[in-house]
Amino acid sequence: RYQNFKDPNQPLVIPITFGGEGIWERNHIALILVKDNCVEYYDAKGILSENKQLAEENDTLRDVLEFCKDTFTKDGNIIENPYPHQFDAHNCGVFVCRHLDERLVKNVPVGTLYVNPPSLSEVEDFREEIIKVAYPQ
């Protein structure tokens, strides 16, 4: 079934994968979420879109956020997470899933930013929730 991507009542989820930047890091996952007339960029490392260079010489991820704003919102806002939540090289996917769960399941308002990261035990507990959903018994 075809779904209209410009329907303002439906969220648009755009996962992003960046090549690894550290010795032990393979890839890094971040997220663009268009919901409630906002474009929200969530990188668990707190790296802002203007600091993410794209393949084109002068383009950054900020240009993609501006495109999403112009295309999928009506004079909406761009909101970015500037706070580092992830301090390891392997939990980015769990952080992204947790963020989506907050926005799409628990209906935490878009733009609600947490200065402090969740504890490692909270991250591991959420990983267990993901496993239960992915592999129901």
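Below is a table of values for the structure above.
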read-out	value
Residues being modelled with pLDDT of 90 or more and either under 15 Å from the mean Cα position of the chain (by Cα) or open to solvent by 70 Å² or more (accessible area, probe 1.4 Å) (or both) - total across region 53-68	7
Pick from region 85-112, criterion over 19 Å from Thr17 (Cβ atoms) and surrounded by 13 or more Cβ atoms within 10 Å (Cβ to Cβ), ranking: modelled with the lowest pLDDT	Gly111
Where a residue in region 107-125 is under 18 Å from Ile78 (Cα atoms) and its partner, wherever it lies, is part of a loop (DSSP other than H, G, I, E, B) and among the polar types (S, T, N, Q), with Cβ under 9 Å and at least six apart	Val110/Asn37; Leu113/Asn81; Tyr114/Asn81
Failed item, numbered, when Asp75 is tested on (1) surrounded by fewer than 15 Cβ atoms within 10 Å (Cβ to Cβ); (2) at negative phi	(2)
Answer residue from region 100-137, given it is closer than 22 Å to Phe87 by Cα and among the hydroxyl-bearing types (Ser, Thr, Tyr) and is farthest from the chain's Cα centre (by Cα) among those	Ser121
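The values are calculated or read from the model by the stated rules, or taken from the named source; none is laboratory data. Remember, predicted model here, so these are calculated numbers, not experimental data. Using ideal geometry, Cβ is built from the backbone for each residue, glycine included, and neighbour counts are taken over all protein chains shown. Note: accessible area is taken over every heavy atom of the protein model, side chains too, but ligands, DNA and RNA are not part of it. Shrake-Rupley method; radii C 1.70, N 1.55, O 1.52, S 1.80 Å.
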